[in-house]
There are 2 protein chains.
Amino acid sequence: MTATFDDDYFMKKALQEAEAAYERGEVPVGAVIVIDNRIIAKAHNLTETLTDVTAHAEMQAITSAANFLGGKYLKGCTLYVTLEPCQMCAGALYWSQISRVVFAAPDPHRGFRTMGTSIHPKTELKEGVMEAEASALLKRFFKQKRD
Amino acid sequence: MTATFDDDYFMKKALQEAEAAYERGEVPVGAVIVIDNRIIAKAHNLTETLTDVTAHAEMQAITSAANFLGGKYLKGCTLYVTLEPCQMCAGALYWSQISRVVFAAPDPHRGFRTMGTSIHPKTELKEGVMEAEASALLKRFFKQKRD
């Protein structure tokens, strides 16, 4: 029996990255970038560890995937990320011309859609893949922070 | 006679960074970050050299300034940049809560204002400082690319 490389499969990998962020005390967001069913980059939020607001999971994954491909455009690639990208990350995705962005949980406060940021018109967007799992992890993190 | 640390002074430093980008064949954009009249970060666009869409001058300067300060927030800092920030950079500036952003040339196509991106409500914005010099350098670059 072979594994099925569908959106759930890759979002699970992004969720594993989010869990690694959680273990470090970082807001638990994880991302992977995939081309031809192959993961070429994975990353999790490191803003606290690196004391750097630019160290979101998506930003690191974009840099890493471009490094792997040897070119700055991510055509043919899909980003899986556990939380809706922010303005910064959506802006970076715009420049990368990535083919597809799949996210799990929406971010009604700081997500790029609320903030009015544009992604590239050729980028396909899908939301809600494993949303319950991603949201539960985020809620667990913020509850622990408050307690 | 002492140097006057005004906006022109620091924008000249950002223009020197833009010229360094030009020499490398990069879109000539430069940035410096200043706190208490002291430059704590300088950077120029390196997207081609690093094959990385996230390597804008502002992004590098934000990371560098936060590293210098030992904290991720840039309160009390001013960013001087020779071109209006894009969505990505404006998004990063939003997270940094930087106190002031001064840019030289507007970017009517891909600037954050046209694209609808928000900077932090507490960030003061000033435009047009040494605009002629910054625009001339950009025009020279794109003319050379076409010829």
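The values are calculated or read from the model by the stated rules, or taken from the named source; none is laboratory data. Everything numeric here is computed off the predicted structure, so don't read it as measured data. Please note: Cβ atoms are built from the backbone with ideal geometry, for glycine as well, and neighbour counts cover all protein chains shown. Surface areas here come from the heavy atoms of the whole protein model, side chains and all, with no ligands, DNA or RNA. Shrake-Rupley method; radii C 1.70, N 1.55, O 1.52, S 1.80 Å.
Observations
- Label-point distances for B:Phe142 to the equivalent site in the other copies, using a point 7 angstrom along Cα→C-beta, read 4.1 nm when ranked shortest first.
- Net charge, A:Gly25 excluded, C-beta distance under 12 Å - Lys, Arg +1, Asp, Glu -1: -1
- Helical segments meeting 15 Å axial Cα length and Kyte-Doolittle 0.0 threshold in chain B (DSSP H): B:57-69
- Most simply put, the protein assembly as shown has about 55% antiparallel DSSP beta bridges, counting only bridges with both residues inside it.
- Across region A:27-43, coupling constants 3J(HN,Hα) worked out from phi with the 6.51/-1.76/1.60 Karplus curve, θ = phi - 60°, read 3, x, 10, x, 8, 9, 10, 10, 9, 6, 6, 10, 7, 10, 7, 9, 7 Hz, and Gly and Pro carry x.
- Measuring between their Cα centroids, region B:111-141 and region A:48-74 lie 25 Å from each other.
- Candidates per trypsin sites (Lys or Arg not before Pro) in region B:1-106, loop by DSSP, up to 14 other Cβ within 10 Å: B:Arg24, B:Lys75
- Cα gyration tensor shape for region B:70-133, rounded if a/c is under 1.5, else prolate or oblate: oblate
- Inter-copy label distances at A:Gly25 (7 Å, Cα→Cβ; nm, one decimal): 4.5
- Interface burial in region A:101-124 reaches 10 Å² or more for A:Arg110, A:Met115, A:Gly116, A:Thr117, A:Ser118, comparing the full protein assembly with the chain by itself; accessible area from heavy atoms with a 1.4 Å probe.
- Of the residues in region A:79-93, those shielded by at least 10 Å² of accessible area once partner protein chains are present, compared with the chain alone at a 1.4 Å probe, are A:Cys86, A:Gln87, A:Met88, A:Gly91, A:Ala92.
- Copies compared at A:His120 - label distances in nm, ascending, label defined 7 Å from Cα in the Cβ direction: 3.0
- Amide hydrogen neighbours beyond the local backbone of B:Cys77, cut-off 5 Å, H modeled: B:Ser99, B:Arg100
- Measuring from each Cβ of chain A to the axis that turns chain A onto chain B, the shortest distance belongs to A:Gly116, 2 (residue, then whole Å).
- Here the protein assembly as shown exposes an accessible surface that is 50 percent carbon and sulfur, computed with a 1.4 Å probe and the other protein chains kept in place.
- Hits among aspartates and glutamates - C-alpha to C-alpha of B:Lys12 under 15 Å, sequence gap 8 or more where chains match: B:Glu127, B:Glu131, B:Glu133
- Each DSSP beta bridge with both residues in region A:1-141 is either parallel or antiparallel, and the antiparallel ones are about 55%.
- Listed residue (A:Met59, B:Ala14, B:Ala105) projecting farthest to the positive dipole end of the protein assembly as shown, Cβ model: B:Ala105
- Chain B contacts chain A over a buried accessible area of about 2300 Å², both sides summed; the probe is 1.4 Å and only protein chains count.
- For A:Lys72, the lysines whose Cα falls under 17 Å of its own Cα, not counting residues fewer than eight places away in the same chain, are A:Lys42, A:Lys122.
- Once backbone amide H atoms are built at 1.01 Å from N, A:Leu83 has A:Gly30, A:Ala104, A:Ala105 as its partners under 5 Å, excluding neighbours fewer than 5 places away on the same chain.
- For B:His120, residues with placed amide H under 5 Å, excluding near neighbours: B:Tyr94
- The calculated FRET efficiency for the pair B:Phe142 and A:Lys139, based on their C-beta separation and a Förster distance of 41 Å, comes to about 0.25.
- Phi-derived couplings, Karplus 6.51 cos²θ - 1.76 cosθ + 1.60 at θ = phi - 60°, listed residue by residue for region B:106-119: x, 10, x, 8, 10, x, 5, 6, 5, 6, x, 6, 9, 9 Hz, with x used for Gly and Pro.
- Mean Cα-pair separation over length for chain B, i.e. relative contact order, pairs under 8 Å, 6 or more apart, %: 20
- Accessible surface for chain B, divided over its residues, is 47 Å² per residue with a 1.4 Å probe.
- Between region B:78-97 and region A:11-31, the alpha-carbon center distance in angstrom: 27
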